[in-house]
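These notes concern the structure reproduced below.
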Amino acid sequence: MDIMEVVSVDDEAMFVRTEALPQSSLHQHMTVQVHTPIGSAVVLWHGDPPEADGRHHVEWTVGEDIHWGRNAQPALSNEPEVRQEGDRVIVCGLLHLYDDGVACLQMGHWTVLFDVASPVPDSMDESWVEISVGSENIALCPYQV
């Protein structure tokens, strides 16, 4: 399992609002509800706990690879999106495939890098896809710009 992160297309950080959630003994890290320009979801918080409520520039780290047909598929719409479905976070965007086993999901101004664990059809390059990631495998890391 590799870590990927959001890389800005224009060196523009994703600016989000976060709300601390009641903590469960099931999670080692704090969880937050994140509100982005393209949707909301529950994710892990890798910042200082007292700063979990607020507005932040963030990078996303994801510990789940693309497994085409299992956690990745064609999207139903041509719009970037972040949404919650049960215990999964769904990210939608334009997929860019590279020869070295890496893919980028462009979500508006932001790009998420993924390792590809199973072959993605060549026809999906430059297509809209959705990727489902377990909430326990996606985190926000706040940083200063």
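The values are calculated or read from the model by the stated rules, or taken from the named source; none is laboratory data. Nothing here was measured: the structure is a model prediction, and the numbers come from that model. FYI the Cβ positions are ideal-geometry reconstructions off the backbone, even for glycines, and counts take in every protein chain you see. These accessible areas exclude ligands, DNA and RNA; they are computed on the full protein's heavy atoms, side chains included. Shrake-Rupley method; radii C 1.70, N 1.55, O 1.52, S 1.80 Å.
A few points about this structure:
- Cut-off 13 Å between beta-carbons: net charge of the residues surrounding Ser24, Lys and Arg +1, Asp and Glu -1: -2
- Distance between the 7 Å Cα→Cβ label points at Glu19 and Ser123: 4.2 nm.
- Environment charge at Ser135 (Cβ cut-off 9 Å; Lys +1, Arg +1, Asp -1, Glu -1): -1
- With θ taken as phi - 60° and the Karplus curve 6.51 cos²θ - 1.76 cosθ + 1.60 applied, the whole-hertz 3J(HN,Hα) list for the stretch 102-113 is 10, 9, 10, 10, 8, 10, x, 7, 10, 10, 9, 8 Hz, x standing for glycine and proline.
- For Gly39, the residues whose amide H sits under 5 Å from its own are Val82, ignoring neighbours fewer than 5 places away on the same chain, with H placed 1.01 Å from N.
- Solvent-accessible area, 1.4 Å probe, carbon plus sulfur percent, for the chain: 49 percent
- At a probe radius of 1.4 angstrom, the accessible area of the stretch 20-145 per residue rounds to 50 square angstrom.
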